[in-house]
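Okay, structure first, notes after.
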Amino acid sequence: MSKRERTPKTYARITYPMVRDGKSGPLRRATWDEALDRAAEGLRAARGSFGMFSCARATNEMNYVAQKFARVVMGTNNVDSCNRTCHAPSVAGLSAVFGSGGGTSSYGEVDHADLIIMWGSNARYAHPIFFQHVLRGIRNGARMYAVDPRRTSTAEWAESWLGLNVGTDIPLAHAVAREIIHAELHNKPFIERATSGFEEYAAEVEPWTLAVAEKVTGVPAAAIRELAHAYARAERAQLCWTLGITEHHNGTDNVRALINLSLLTGHVGKYGSGVQPLRGQNNVQGGGDMGAIPNRLPGFQDILEPTTRRKFETAWDTVIQPAYGLNLTDMFAAMETGELKAVYCIGENPAQSEADSEQAVERMKRLDCLVVQDIFLTKTAELADVVLPATAAWAETDGTTTNSERRVQRVRKAIEPPGEAREDIDIICDLAGRLGHAWKYADAESVWNELRSLSPDHYGMTYERLAEHQGIQWPCPDTEKLEPTYLHGRLWEADPAKRGPLAPFGIVKHDPPVDLTDELFPIRLTTGRRLDSYNTGVQSGSFASPLRRGEYVELCPEDAERYGVSVGEEVRITSRRGAVQAPVWIDPGLRPGLAFMTMHFPDEVDTNQLTIEANCPIAGTAEFKASAIRIEKLPMAVRS
């Protein structure tokens, strides 16, 4: 526990609409009519310079209506969600290889795998439900390997921990691939039948010998060789990753490097073998599936495809812009230049979740109109011109959500929302009506049925069938039967006509972290999640928990001794962007020169003041995992 006691901020549930008079006035209570009229006025003035942030924790139905609002009412494809902050590189990488952005396996297949690789994923803390399947697999005889800069709680269960240097995932993956090829363990029939670009890929990985990779990654050559042979020889192997792979300036390339391994060994497109990006929120997958992203319409259909656009234009009686919109990262850059003048933000808190958070706040302050629809008065809501109280809280709404294994599940309303809070879909439709679009949905099911009529992958999922099967995985194009639990079985078809497009190997190169360490900033800071808390702490920080320790900076015992600090002692952590104070926690799972923090308690310690806005050029995700910092012991007078 810190020697400086911290009182956790309790976020107030929003129970009535609020508006701000002028840019400098305080938020005050308003009627629904006044708030919606004010929001409509601000958005109307910003047509052509508008962006929408949708919510990865709200239902599929809400996300569908939200992206429809952006495209039909506001005439723009500038719509995105927190998927950009975490797993946009996974979607981009999977789509480039397989044509769809979902994980290829189901959770149950992990129970029966022979080998499980957790790469850049502390699933024991970040995905505890999924990790139960990992434990079942281990109990059933699976070998588990953990690839992570930290010896995490997940790594404690592994047969082997490969502790690589931050930002060296591509060299490690290339070395694994080279060893598999040189040992002639690659699946030649699968490669010839189902893939393209193997010769170029083999040439790209050739320089990455075990000795070279050991020098760059810090992983012993023998451990790399062991992983390569275990993965190639396994009959059923699951390769899973999380933000340790994606939250880098080259996150999409990292994802492609891992997918390459699955193509090299044939560990995809069959039961028990696959690649799985583990999503961190209940509906990150669903938000993208519903079209709450700038380059895809609902059902993950490409917005540049004319036939697809015409289908939606006919159904929606509108004209859809034939160009990709701005993603969340692009929208913040457009705030800086003044090209984006209004934002409608539903259920997201970018004021505290964005890299270089102080810069993000300053950019949002420049907006002519910021409308926030949420259940808590977050820091983002405190910046808003109009605040709308929603019912996205668990048990207050009907609809569906989609998890990491592409499983669509029903959510049922059990209690009434507090105060004047209203259903998200009703709020969006009411606002659309004020802007000239009279939308009427009887309930969430009517929204879902509209989505089903436009998305072949969801067509067979009626509410009745979802209840009957306790959830259904997409694709489900038929109302009578279910598809296999894994994707891309077509790659194993003997008939080329049935096999479909070949899966291309990706040529990716090692590109070290942007924020280099040096004498002034000698420590590498990486960030992540803890078991007891959730994202920016708006929900998990508002109640007492025996697990809660608040924020702290984790150091290895050697670094703590070098800086002369002990557990609970306050230090200043400084990067090239900002500085924060936090107490020390000592973690033997860290190696010298590596520190760890989270973004769970930004009201106490705003870790994202330290992180760098160096973005993946393909996916737009920032490099949260690799900042350069220094640690300074504070004088006694400053610690209180």
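The values are calculated or read from the model by the stated rules, or taken from the named source; none is laboratory data. These numbers were taken from a predicted model, which means no experiment stands behind them. Methodologically, a virtual Cβ is constructed for each residue, glycine included, from the backbone with ideal geometry; neighbour enumeration extends over all protein chains shown. These area figures cover heavy atoms from the full protein model, side chains too; ligands, DNA and RNA do not enter into them. Shrake-Rupley method; radii C 1.70, N 1.55, O 1.52, S 1.80 Å.
Of the strands (runs of 3 or more DSSP E) contained entirely in the stretch 372-465, those carrying at least 3 residues that are open to solvent by less than 10 Å² (accessible area, probe 1.4 Å) and more than 30 Å from G274 (Cα to Cα) fall at 386-389. When A355, A333, A315 are screened for being without any contact (Cβ under 8 Å) to a residue 24 or more places away in the chain, over 30 Å from T15 (Cβ atoms) and not aromatic (F, W, Y), only A333 passes. Taking into account only those residues within the stretch 166-182 that are of a type outside the set (G, A, S) and under 22 Å from the mean Cα position of the chain (by Cα), which is surrounded by the most Cβ atoms within 10 Å (Cβ to Cβ)? Per the criteria, the residue is D169.
Regarding L502, is this residue over 30 Å from R630 (Cα atoms), touching a strand residue (DSSP E or B) at 6+ places or on another chain (Cβ under 7 Å) and among the aliphatic types (A, V, I, L, M)? Here the answer is yes, as L502 does meet what is asked. Examine the stretch 119-139 for a residue that is buried (at least 24 other Cβ atoms within 10 Å of the Cβ), touching a Pro at 6+ places or on another chain (Cβ under 6 Å) and either at positive phi or outside any helix (DSSP H, G or I) (or both), and state whether such a residue exists. Within the stretch 119-139, none of the residues are buried (at least 24 other Cβ atoms within 10 Å of the Cβ), touching a Pro at 6+ places or on another chain (Cβ under 6 Å) and either at positive phi or outside any helix (DSSP H, G or I) (or both).
Here N283 does not qualify as surrounded by fewer than 23 Cβ atoms within 10 Å (Cβ to Cβ), of a type in the set (S, T, N, Q) and modelled with pLDDT under 95.
Counting just the residues of the stretch 486-498 that are open to solvent by less than 50 Å² (accessible area, probe 1.4 Å) and assigned to a loop (DSSP other than H, G, I, E, B), which one comes out nearest to V97 (Cα to Cα)?
The extreme case among them is H488.
Restricting attention to the stretch 553-568, the residues that are open to solvent by 10 Å² or more (accessible area, probe 1.4 Å) and either outside any strand (DSSP E or B) or more than 22 Å from W161 (Cα to Cα) (or both) total 9.
If you check Y145 against the conditions, is it open to solvent by 20 Å² or more (accessible area, probe 1.4 Å) and either touching a strand residue (DSSP E or B) at 6+ places or on another chain (Cβ under 9 Å) or more than 30 Å from R524 (Cα to Cα) (or both)? The answer is no for Y145.
Report, by residue number, each residue of the stretch 569-582 that is in a strand (DSSP E or B) and open to solvent by less than 20 Å² (accessible area, probe 1.4 Å). Hits for the stretch 569-582 are E570, V571, I573, T574, V580, A582. Considering R124, R151, R136, the condition of being touching a residue at least 60 places away in the same chain (Cβ under 8 Å), basic (K, R) and in contact with a helix residue (DSSP H, G or I) (Cβ under 8 Å, 6 or more places away or on another chain) is satisfied by R124 alone. Here S545 clears all of (1) modelled with pLDDT under 95; (2) not in a loop (DSSP other than H, G, I, E, B) except the condition numbered (2).
Put simply, of T527, T536 the only residue that is in a strand (DSSP E or B), in contact with a helix residue (DSSP H, G or I) (Cβ under 8 Å, 6 or more places away or on another chain) and at pLDDT below 95 is T527.
Identify, from the list D515, D495, the residue that is over 22 Å from D587 (Cβ atoms) and modelled with pLDDT of 65 or more. Outline the logic, then answer.
On the way: D515 fails: over 22 Å from D587 (Cβ atoms).
Step by step, each of D515, D495 is checked, and only D495 is over 22 Å from D587 (Cβ atoms) and modelled with pLDDT of 65 or more.
Within the stretch 79-87, can one find any residue that is surrounded by 24 or more Cβ atoms within 10 Å (Cβ to Cβ) and modelled with pLDDT of 95 or more? So far as the stretch 79-87 goes, yes, one or more of its residues are surrounded by 24 or more Cβ atoms within 10 Å (Cβ to Cβ) and modelled with pLDDT of 95 or more. Evaluate the following for D430: is it touching an Asp or Glu at 6+ places or on another chain (Cβ under 9 Å) and modelled with pLDDT of 95 or more? When the stated conditions are applied, D430 does not pass them.
Can you tell me which residue within the stretch 499-509, out of those that are open to solvent by less than 50 Å² (accessible area, probe 1.4 Å) and at pLDDT 95 or above, is farthest from V97 (Cα to Cα)?
First pass over the stretch 499-509, keeping only residues open to solvent by less than 50 Å² (accessible area, probe 1.4 Å): 499-500, 503-506, 508.
Still in the list and also at pLDDT 95 or above: 503-506, 508.
Values: A503: 5, P504: 6, F505: 8, G506: 8, V508: 13 Å.
Restricting to residues being open to solvent by less than 50 Å² (accessible area, probe 1.4 Å) and at pLDDT 95 or above, the top hit is V508.
Going by the conditions given, is A194 touching a residue at least 24 places away in the same chain (Cβ under 8 Å) and farther than 25 Å from R499 by Cα? Step through it out loud before you land on a result.
Details: touching a residue at least 24 places away in the same chain (Cβ under 8 Å): yes; farther than 25 Å from R499 by Cα: no.
So A194 fails the test.
The helices (runs of 4 or more DSSP H) found entirely in the stretch 204-268 that carry 3 or more residues being open to solvent by less than 10 Å² (accessible area, probe 1.4 Å) are 221-233, 251-265.
The residues of the stretch 595-617 that are open to solvent by less than 10 Å² (accessible area, probe 1.4 Å) and over 20 Å from the mean Cα position of the chain (by Cα), listed by number, are A595, V605. Of the residues making up the stretch 562-585, just one is out of contact with any strand residue (DSSP E or B) (no Cβ under 8 Å at 6 or more places or on another chain) and touching a residue at least 60 places away in the same chain (Cβ under 8 Å), namely G578. Taking the stretch 39-67 as the range and being modelled with pLDDT of 95 or more, among the charged types (D, E, K, R) and crowded, with 20+ Cβ neighbours inside 10 Å as the test, only E61 passes. Quick check, is E483 in contact (Cβ under 8 Å) with a residue 12 or more places away in the chain, of a type in the set (D, E, K, R) and surrounded by 14 or more Cβ atoms within 10 Å (Cβ to Cβ)? Here the answer is no, as E483 does not meet what is asked. Just so you know, in the stretch 316-334 the residues that are open to solvent by 60 Å² or more (accessible area, probe 1.4 Å) and either in a helix (DSSP H, G or I) or more than 30 Å from K365 (Cα to Cα) (or both) include one that is modelled with the lowest pLDDT, and it is D330.
The rows are residues; the columns are (1) without any contact (Cβ under 8 Å) to a residue 40 or more places away in the chain; (2) polar (S, T, N, Q).
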residue	(1), (2)
K440	yes, no
E445	no, no
T462	yes, yes
R465	yes, no
I472	no, no
D478	yes, no
L487	no, no
L491	no, no
A497	yes, no
